[in-house]
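**Q** Following this message is one structure expressed as structure tokens.
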Amino acid sequence: MLIKIKKSWELPESAATPEAVYLNRRQLMKGAAGAAIGGAILPWAGAASADTERAALTAPRNEAYEIDRALTPEDLNIKYNNFYEFGSQKQISDAANRELKPRPWQIEIGGMVENPITLDVDELIAKMTLEERLYRHRCVEAWSMTVPWVGFPLRKLVDMAAPLSGAKFLRMETFGDPKMASGIGSQPWYPWPYVEGLSMAEATHDLPFMVVGAYGKILANPMGAPIRLHLPWKYGFKSIKSIVKFEFVADRPKSYWETISDGREYGFWANVNPDVPHPRWSQATERVLGTGEVVRTQLFNGYAEEIGDLYAGITGENLYR
Ligand code: MTE
């Protein structure tokens, strides 16, 4: 397939637009009802915060993931995004808030598993024990932020699905409905839907986090509502947003950006390494959003200790590409 490359990750930073967070209250209430069907009452069911119109969602902090950087202000996180379904510039929040309907939201979990299931996002949330984790996020464009996410470890979803022994990878997919994201129709040269993948060893590690909230509230649309992944030791493009499908597969899936860059940029592993530059820029340092500071980038984005021997035994692969 011949893919026209319109833009790359290297995008100019432009001024942030005023925050316009909007979530449809009726949809939130429907979501809460879905959770009740799932048998549990969500801590935020029915609660709405007057200032931002996003319902509260708090969970006990997992102290194992305390970090030494200041949190990125919430409004900056909402206004400075990569979410190509709404456009290839950073200021997609208005479009995402207007167009994306995060509830009701069906999620399919299947492929090579004992327990295939299709369920509503709030039923899934009700099955999980939520926690808060402070994670550093390092974008391939050399900016970073620190976010108080609320969610559950991806490995809990893997346990629920019970993969068969032939399943070697987890493939994840974002919604591809052009009616919910104008950038899909207006950028037909991109290989929609957005797809990402992990090895089973990665998917069952404790670090991958399924995010359903941030800053003590449910996830804002520009952040990837209603459910996204965060992989703090990998470049941010691996952290797929607004997921509708989890599929356990035998073969390594080809991701959205792998398809676009066709071997010229980072590929499947994309583990952060300050000594492996992007073809067009260095990864040695990063710009901290909100503070203007430029700091040295760390191997595995500072998560080398947590990663431990996750990649032991993998030979013949460039883990930093
Ligand atoms: N997921 C989807 N579906 N679409 C995207 O464009 N962008 C990725 C990742 N997940 C992207 C996505 C990139 S490049 C980054 S850096 C992060 O989301 C950005 O997350 P943030 O906007 O919450 O900072």
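**Q** Taking segment 279-294 only, how many residues are in contact with a strand residue (DSSP E or B) (Cβ under 9 Å, 6 or more places away or on another chain) and touching a residue at least 12 places away in the same chain (Cβ under 8 Å)?
**A** The number of residues fulfilling the criteria is 8.
**Q** Within segment 119-159, which residues are small (Gly, Ala, Ser) and closer than 28 Å to Val276 by Cα?
**A** The answer is Ala142, Ser144.
**Q** How many residues, within segment 232-244, are part of a loop (DSSP other than H, G, I, E, B) and either near the ligand (Cβ under 10 Å from one of its atoms) or of a type in the set (Ser, Thr, Tyr) (or both)?
**A** 4
**Q** Then there's this: Looking only at segment 256-270, which residues are assigned to a loop (DSSP other than H, G, I, E, B), within 14 Å of the ligand (Cβ to nearest atom) and farther than 20 Å from Tyr311 by Cα?
**A** Glu265
**Q** If you don't mind, there's one more thing I want to ask. Kindly provide the set of residues from segment 171-213 that are of a type in the set (A, V, I, L, M) and within 13 Å of the ligand (Cβ to nearest atom), ordered by number.
**A** Passing the criteria: Met172, Met180, Ala181, Ile184, Val195, Val211.
**Q** Further, regarding this structure: Is it the case that Glu306 is in a strand (DSSP E or B), within 20 Å of the chain's Cα centre (by Cα) and under 30 Å from Glu74 (Cβ atoms)?
**A** Here the answer is no, as Glu306 does not meet what is asked.
Residue-wise test of (1) of a type in the set (A, V, I, L, M); (2) away from the ligand (no atom under 16 Å from the Cβ); (3) surrounded by 16 or more Cβ atoms within 10 Å (Cβ to Cβ); (4) modelled with pLDDT of 95 or more.
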{"position": "Trp44", "(1), (2), (3), (4)": "no, yes, yes, no"}
{"position": "Ile67", "(1), (2), (3), (4)": "yes, yes, no, no"}
{"position": "Tyr84", "(1), (2), (3), (4)": "no, no, yes, yes"}
{"position": "Pro104", "(1), (2), (3), (4)": "no, yes, no, yes"}
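The values are calculated or read from the model by the stated rules, or taken from the named source; none is laboratory data. Because the structure is a prediction, the values reported are computed rather than measured. Don't worry about glycine lacking a Cβ; one is built from the backbone with ideal geometry, like all the others, and counts go over all protein chains shown.
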